[in-house]
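The structure under discussion appears below in the form of structure tokens.
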Amino acid sequence: MTVDKYSAADFQIVEFDEHVRTHPQMYFQADRNNPDFATRVLGNVLGHALHPAARLAAAHTLQIEAEITGDLAFVVWDDRADALDEKGNPQLGYFGSLLRPERWGSAAAGAVSSRVVIEVWRNGHAFRQELAGLRPLSEPRKIDPGAGTGTRIAFELDRVYMERSHALTLDFTELDLHCPDCNEPAGPGRVTLTDLRDPDRPVIAHHP
């Protein structure tokens, strides 16, 4: 008679946000005690924006804007609205949020944040939703739509979780915006990152 080595109790379902917080190096290529961890989180969001999942957009074609608004706070927006269907109806993802698996990079950043605010607009329809980490505080609510199509996500990183992480930087040498397995040629896609922490002297960096 053989006895199974593992019992059912040995296998537990781990929620996505819990897995990110427990194994951050799998998502950000750095541990949370790395001084550059906050910048790695930002870089992961920007890099994934340039390389959207499932070929939702051709590589290197999206226009991505980002702002550093605090030492551990930033905003990213692009010209894609995958959370709304063609009729402008929300398509919900993680835990009923406007962050779908196609934006797992942003979802991973949300998992290490204390507050996330998402706005998405398309074809004259727009919705806004606030999250605590990756967990919705409310259902998406309608707001006045912006022009065109886009998604804007504001992150406030979790100061307790960040441990010894230094403040966000504009150092693109730390922001690997080119996926390791990307074979696409350069295109019109562009990331513009602006540091607004000194409102009298904003600093702007571009990639490429």
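Overview of values
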read-out: 5 angstrom amide H check on Arg80, placed H, neighbours 5+ away; value: Thr151
read-out: Under Karplus coefficients 6.51, -1.76 and 1.60, residue-wise ³J(HN,Hα) of segment 132-137 in Hz, glycine/proline x; value: 9, x, 10, 9, x, 8
read-out: Added length on full extension, which subtracts the Cα-Cα distance from 0.36 nm per residue, Asp79 to Arg141; value: 20.3 nm
read-out: Loop GluC sites (Glu not before Pro), segment 65-152, which have at most 11 other Cβ atoms in a 10 Å radius of their Cβ (DSSP); value: Glu86
read-out: Å² of accessible area per residue within segment 70-124, as computed with a 1.4 Å probe and no ligands counted; value: 34
read-out: Accessible surface of segment 94-150 [probe 1.4 Å, protein heavy atoms]: carbon and sulfur percent; value: 48
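The values are calculated or read from the model by the stated rules, or taken from the named source; none is laboratory data. Just so it is clear, the model here is predicted, and its values are computed rather than measured. Cβ coordinates were reconstructed from backbone atoms using ideal geometry, including for glycine residues, and neighbour counts include every protein chain displayed. The protein model used for the area step is the full one, side chains on, heavy atoms only, and it has no ligands, DNA or RNA in it. Shrake-Rupley method; radii C 1.70, N 1.55, O 1.52, S 1.80 Å.
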